[in-house]
1. Quick check on P42: is it closer than 23 Å to T12 by Cα and either free of Cβ contacts under 8 Å to residues at least 40 places away in the same chain or not hydroxyl-bearing (S, T, Y) (or both)?
2. Suppose we filter E92, E84, E49 for residues that are surrounded by 11 or more Cβ atoms within 10 Å (Cβ to Cβ), modelled with pLDDT of 90 or more and not hydrophobic (A, V, I, L, M, F, W, C); which single one remains?
3. Search region 2-40 for residues being of a type in the set (A, V, I, L, M, F, W, C) and over 12 Å from C50 (Cβ atoms), and hand back the single one that is surrounded by the most Cβ atoms within 10 Å (Cβ to Cβ).
Amino acid sequence: MASGYGIKGGSTPCFVFWQEVMACYVLNTSGDTNKGAEKCVPAFEDYHECLHHKKEAERIGKLTQAYRKWEAEHPEMKKKTAGEIRRLGVIEATMEEKNLKVPRWLPYKKIENQ
């Protein structure tokens with residue numbers, strides 16, 4: 001966890017945060033008392049967030065909820081159908097109108113309009 005060595009060697013992404021926690025703890029406490037340890041709470045919270053991503057997950061959840069609420073309030077914003085996504089916005093027209101030729105040696109599948 002805080003060894004600093006990743007699976008492939010090198011350092012882990014959270015090791016830098018762990019070093020900050022340890023440096024803060026060493027500077028703010030003595031052998032007799034841990035009274036200055038409360039100064040290290042922000043550094044420990046950063047390390048804990050790096051490990052577990054709980055604040056990030058909470059933010060993503062709130063953003064998703066707000067987006068879904070907005071979608072419900074704006075039904076005029078039409079969602080794309082699977083056919084529209086498949087065509088990637090290509091103008092619906094015949095092959096002749098698009099000035100395209102059906103490949104002679106390659107397989108060709110005609111997409112039906114939905």
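The values are calculated or read from the model by the stated rules, or taken from the named source; none is laboratory data. The structure presented is a predicted model; accordingly, all values stated were derived computationally and were not measured. Neighbour counts run over all protein chains shown; Cβ positions are idealised from the backbone, glycine included.
1. Taking the combined requirement at face value, the residue satisfies it.
2. E49
3. C40
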